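Please treat every number below as a calculation from the coordinates, not as lab data. Quick caveat, the model's predicted, so the values are computed rather than measured. Heads up, the Cβs are rebuilt from the backbone with ideal geometry, glycines too, and the neighbour counts pull from every protein chain shown.
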Amino acid sequence: MKRNITSMISAAVLGLALAAAQPVIAQTHEVLIPHACSLLPAELQAEKNVVLEFLRPGITLRELIALIGPDYVQHNPAVLKAAREKQISDYEEFKRLFTRIATLGNPDGGNVLDGPARQRGRGPQAVIVVAECDLVTAIIKSTPRDPTASPGTTYERFSFDTFRVRNGKLVEHWDDEEITEESMQTLHKLNE
């Protein structure tokens, strides 16, 4: 009898412990929603539109820079490394890079601010754009050359750019860039 009571008490305590832990266990599997995330569909679309404008083919350097908030935070490791090497902010490195790209794409020497922000006025091809709260992610499709195949052979590659959008400005950026010899050589060439 004593053993049955002890077993029943142990089972009850274990049951209470599991019941108490259940909400905690369930919470660990839930996606955390940022505080004050109550944007309406129209507001989410407005945030998507800011990102789509940034990616738009033919956007001028002036228009592109106007979309970036002065408190811009960059998480692209190659750009961060270049900014640290120059001892400037993420925002200043961003402006320098796009100004240099626009200058290279404007051999006529006109006003670089009113010329295309990207070479030949091209923009990244966003195939999917999703928004949640103040984060907007664009899945970008490119068709690079396949170095393992015959000349002219390409393949589809997908990457992402995620932006934090606040008050109609891009204030933070993440992507899938890696620090490679090639990426750093490209950045150094742009800064010559």
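What the table shows:
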| quantity | calculated |
| --- | --- |
| Fraction of alpha-carbon pairs over 15 Å apart in the range 38-119 - percent | 63 percent |
| Karplus-derived 3J(HN,Hα), 6.51/-1.76/1.60, for each residue of the range 152-159, Hz, glycine and proline x | x, 7, 10, 9, 7, 10, 10, 9 |
| FRET efficiency estimate (nearest 0.05) - Cβ-Cβ, Glu178 to Asp114, R0 30 angstrom | 0.35 |
| Spin-label pair Gln87/Glu53, simplified geometry with 7 Å Cα→Cβ offset, distance in nm | 3.6 nm |
| The range 43-86 - Rg (one decimal) and Dmax (whole number), Cα, Å | 12.9, 38 |
| Prolate/oblate/rounded call for the range 40-190, Cα gyration tensor, a/c under 1.5 rounded | rounded |
